[in-house]
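The values are calculated or read from the model by the stated rules, or taken from the named source; none is laboratory data. Just so we're clear, the structure is a prediction, and the values are computed from it rather than from any experiment. Cβ placement follows ideal geometry from the backbone for every residue including glycine, while neighbour counts extend to all protein chains displayed.
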Amino acid sequence: MRSKFYITTPIYYVNAKPHIGHSYTNIAADATARFFRLKGVDTFFLTGTDEHGQKVEKAAQEAGKPTQEFVDELAEKFEHLWDTLDVRPDDFIRTTEPRHVKAVQYVLQYLYDKGDIYKDSYSGWYCVPCETFWTEGQVNTEGDKPRCPDCGREVDELTEENYFFRLSKYQDWLIDYIKKHPDFIKPEGRYNEVLRFLEMEKLNDLCISRPKARFSWGIDIPFSPQHITYVWFDALINYISALGYPEETEKFKKFWPADVHLIGKDILRQHAIYWPIMLHALGLEIPYQIFAHGWWLVDSKGSAEKMSKSKGNIVDPYAMVEDFGVDVYRYFLLREIPLGVDGVFSYNSIVHRYNSDLANDLGNLVYRVLSMAEKYLPDGVEVFEERPKNRLVESLFELKDKVDLEFSSLNFYDGLSAIWEVVNLANKFIEEEQPWTMRKEGRFDDLKRFMYILLETLRILAGCIWAVMPSTAEKIWAQLGIEEEILEVGWENIFVWGGIKEGTRIEKYPPLFPRREIDD
Ligand code: MSP
């Protein structure tokens, strides 16, 4: 078993409010962190905000606010959303904090002294929204004006004195490193994509400064008063500054290297190329894994399109939570598509998922079992200590390794489907065993034994879903009369038969997930 687990999310630009895409990454990271905590692993989960750069400065100007005030307000919005979604990071880093600025300046000075950062004059095309320089050969020149090859917007021509980081010097090292570490980039398709790119193209050194003459919202370059730091070079360092780097803190020694940097596929190049090279040049260890998840697109008259402010199709996580509740939203995002691929978000798809998996399957099971317990066990639960050997119980116990394997590797899609197979088996078990007949025939001992199996099944299933649906899981435990919290009990002990105590009186509660109508 791992002795520690460090998971990070990207730090989000504070140029606009968070949307479902941001919430997806943080919910997946939170569920993973929760699962490791549940297993008793010392876990550190980091998220935060990326507050420098021209894009942020521009957004502040457009809002008519001083930049610092603007970023303070937006950072709070992100923190508030995480709190609302039951996302519980151990730290929230902001790149305008002194602890981060100090680390970035240390890195710059160190690499400059080492000769890995040098000054040069540069001309090229600059895309303001992407904060990226493009060379003559890279810009899209098909139309009347040169355009950014990434976002398609117009680019400006620039010639400047700037500082460069020697990416090219480490290209061969990186290729070799990636080849020796097949799990470094996930999913596999992304691994191949990065490797192919590195083998085909010669890396340009990375321009890591911006002249203050152009804009000044950034971290000062310690050896050049006329420059600030390129926002990506600044931002990536958050993963170590949050642990106290460059100080050799206990936290740093314990948690570095990161176990997983969870990111969207849009920022793979920065994480899989710039970041490992920066770390290697600093003499630091490389993270174990970079996991690039897919994108949520939105349904527009039957076809999938990107969310954008201009199209006015951005899905607001608060609206989803208000409509469906936090746990339903978390469940939907993690169950609907595997983490590596793109998904299409639509109101009807969430209602479908809700009705089938939550109202019909899980909600129905909980409701039936509690109602039967209230009716058939008026004197409280009778415990049957020996774990029975039947298909339902066997499958339930197989979840221990299966869910561990899937959730630990961020495969919520398969982990949750395995759990739901058991939910369905339990519903079938009720039909097959026919407790109402046992009662009619006076087979009370069989009935009590049958009820204990179902109650224990609910208890264990709730333990399995806790990482993804924490309040639903806690609610089920409370309804089963269990006083301890799931996290306190821990993954191993959840699977010890006999958690529900003798004499517990069970009542029925209103259904957890009442059925909903579908809007057409
Ligand atoms: N600030 C940089 C990251 C620096 S990390 C050192 C940045 N910020 S961002 O605000 O643009 O957020 C990008 C991340 O948000 C993506 O990598 C992804 O995690 C998430 N998503 C944004 N839109 C998304 C979707 N439509 N779908 C899924 N996730 C997406 O890039």
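Looking at Phe36, Phe5, just one residue is in a helix (DSSP H, G or I), more than 9 Å from the ligand (Cβ to nearest atom) and closer than 24 Å to Leu268 by Cβ, and that residue is Phe36. Residue pairs whose Cβ atoms lie under 8 Å apart, separated by 6 or more positions or on different chains, with the first residue in region 43-71 and closer than 14 Å to Ser216 by Cα and of a type in the set (Asp, Glu) and the second within 15 Å of the ligand (Cβ to nearest atom) and part of a helix (DSSP H, G or I), are Glu51/Val71; Glu51/Ala75. With respect to (1) more than 30 Å from Glu517 (Cα to Cα); (2) touching a helix residue (DSSP H, G or I) at 6+ places or on another chain (Cβ under 8 Å), the lone exception for Met320 is condition (1).
In region 91-108, the residues that are farther than 18 Å from Ile221 by Cβ and among the charged types (D, E, K, R) form Cβ pairs under 8 Å with partners that are part of a helix (DSSP H, G or I) and at pLDDT 95 or above, at six or more places apart or across chains, as follows: Arg94/Val71; Arg94/Ala75; Arg94/His100; Arg99/Ser241. Report yes if some residue within region 346-364 is over 30 Å from Leu447 (Cβ atoms), in a loop (DSSP other than H, G, I, E, B) and within 13 Å of the ligand (Cβ to nearest atom); otherwise report no. The answer is no; no qualifying residue exists. Show the residue pairs that are 6+ apart or on different chains and have beta-carbon atoms under 9 Å apart, the first residue being within region 21-37 and closer than 17 Å to Gly490 by Cβ, the second being assigned to a helix (DSSP H, G or I) and basic (Lys, Arg). Filtered contacts from region 21-37: Ala31/Arg330. Give me the residue from region 456-475 that is more than 25 Å from the chain's Cα centre (by Cα) and not basic (Lys, Arg) and, out of that set, nearest to Ser395 (Cα to Cα). Checked region 456-475; the qualifying residue nearest to Ser395 (Cα to Cα) is Thr457. In region 236-263, the residue that is nearest to Ile219 (Cα to Cα) out of those that are within 16 Å of the ligand (Cβ to nearest atom), in a loop (DSSP other than H, G, I, E, B) and under 22 Å from the mean Cα position of the chain (by Cα) is Ile237. Considered as a group, the residues in region 297-314 that are in a loop (DSSP other than H, G, I, E, B) and without any contact (Cβ under 8 Å) to a residue 24 or more places away in the chain include one that is nearest to the ligand (Cβ to nearest atom), and that residue is Lys306.
Count of region 118-142 residues, restricted to those that are loosely packed, with under 11 Cβ neighbours inside 10 Å and out of contact with any Asp or Glu (no Cβ under 9 Å at 6 or more places or on another chain), is 2. Consider Lys389 carefully, then state whether it is modelled with pLDDT under 95 and not small (Gly, Ala, Ser). Considered against the rule, which asks whether it is modelled with pLDDT under 95 and not small (Gly, Ala, Ser), Lys389 comes out as yes. Return yes or no: is Lys179 among the charged types (D, E, K, R), assigned to a helix (DSSP H, G or I) and either within 24 Å of the chain's Cα centre (by Cα) or within 16 Å of the ligand (Cβ to nearest atom) (or both)? Spelling it out, it is not the case that Lys179 is among the charged types (D, E, K, R), assigned to a helix (DSSP H, G or I) and either within 24 Å of the chain's Cα centre (by Cα) or within 16 Å of the ligand (Cβ to nearest atom) (or both).
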